[in-house]
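Input: a single structure, listed below in structure tokens.
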Amino acid sequence: VQLQASGGGLVQPGGSLRLSCTASINIYGIAIMGWYRQAPGKQRELVATVGLGGFATYADSVKGRFTISRDNPKNTVHLQMNSLKPEDTAIYYCNLRDLITTRNEYWGQGTQVTVSS
């Protein structure tokens, strides 16, 4: 299973970015999709997940600013990030948890998000 992430970059505080992650397998009905992030010197932390039925959960630090969504026909998950803050700077990793077939967890390669003026 491969996860290809894209959409990172440099943005000013208050700006927006949209991350996308496309899986090499069908995600419909089998996988929880999520985004995690890791800032320098810190542990990887959960940002958001979206379940099989589309139910989303968020870290408190991003609630109201970030929106996760899944496009099942395209095997893709998106993370819309608005009102970005310098503390959102991190490498963002896409995550896939296969609940049905392999019951394994997979990670994308990471995409850098830098929020700075």
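Restricting the stretch 2-26 to residues that are open to solvent by 50 Å² or more (accessible area, probe 1.4 Å) and over 16 Å from Lys74 (Cβ atoms) leaves a set whose member that is nearest to the chain's Cα centre (by Cα) is Ser16.
In the stretch 54-65, which residues are open to solvent by less than 50 Å² (accessible area, probe 1.4 Å) and β-branched (Val, Ile, Thr)? Within the stretch 54-65, Val62 is the sole residue that qualifies. Of all the numbered requirements in (1) surrounded by 14 or more Cβ atoms within 10 Å (Cβ to Cβ); (2) more than 12 Å from the chain's Cα centre (by Cα), Gln43 misses one, and that requirement is (1). (1) of a type outside the set (D, E, K, R); (2) under 12 Å from the mean Cα position of the chain (by Cα); (3) open to solvent by less than 60 Å² (accessible area, probe 1.4 Å); (4) modelled with pLDDT under 95: which one isn't true of Gly29, the others all being true? The single condition Gly29 does not satisfy is (2).
Can you find a residue in the stretch 69-79 that is at negative phi and without any contact (Cβ under 8 Å) to a residue 12 or more places away in the chain? Within the stretch 69-79, one or more residues are at negative phi and without any contact (Cβ under 8 Å) to a residue 12 or more places away in the chain.
Select the strands (runs of 3 or more DSSP E) contained entirely in the stretch 12-117, then report the ones holding at least 2 residues which are more than 22 Å from Val1 (Cα to Cα).
In the stretch 12-117, the matching strands (runs of 3 or more DSSP E) lie at 17-23, 56-58, 66-71, 76-81, 111-115.
When each of Gly64, Gly9 is tested for being in contact with a Leu (Cβ under 7 Å, 6 or more places away or on another chain) and within 21 Å of Ser116 (Cα to Cα), the lone residue that passes is Gly9. Among the numbered conditions (1) farther than 22 Å from Ala39 by Cβ; (2) without any contact (Cβ under 8 Å) to a residue 60 or more places away in the chain, the only one that Ile100 does not meet is (2).
For the stretch 66-82, filtering for residues that are crowded, with 19+ Cβ neighbours inside 10 Å and of a type in the set (Gly, Ala, Ser) leaves 0.
The values are calculated or read from the model by the stated rules, or taken from the named source; none is laboratory data. Just so you know, these numbers come straight off a predicted model, no measurement behind them. Cβ coordinates were reconstructed from backbone atoms using ideal geometry, including for glycine residues, and neighbour counts include every protein chain displayed. Only protein heavy atoms, including side chains, enter the accessible area calculation; ligands, DNA and RNA are left aside. Shrake-Rupley method; radii C 1.70, N 1.55, O 1.52, S 1.80 Å.
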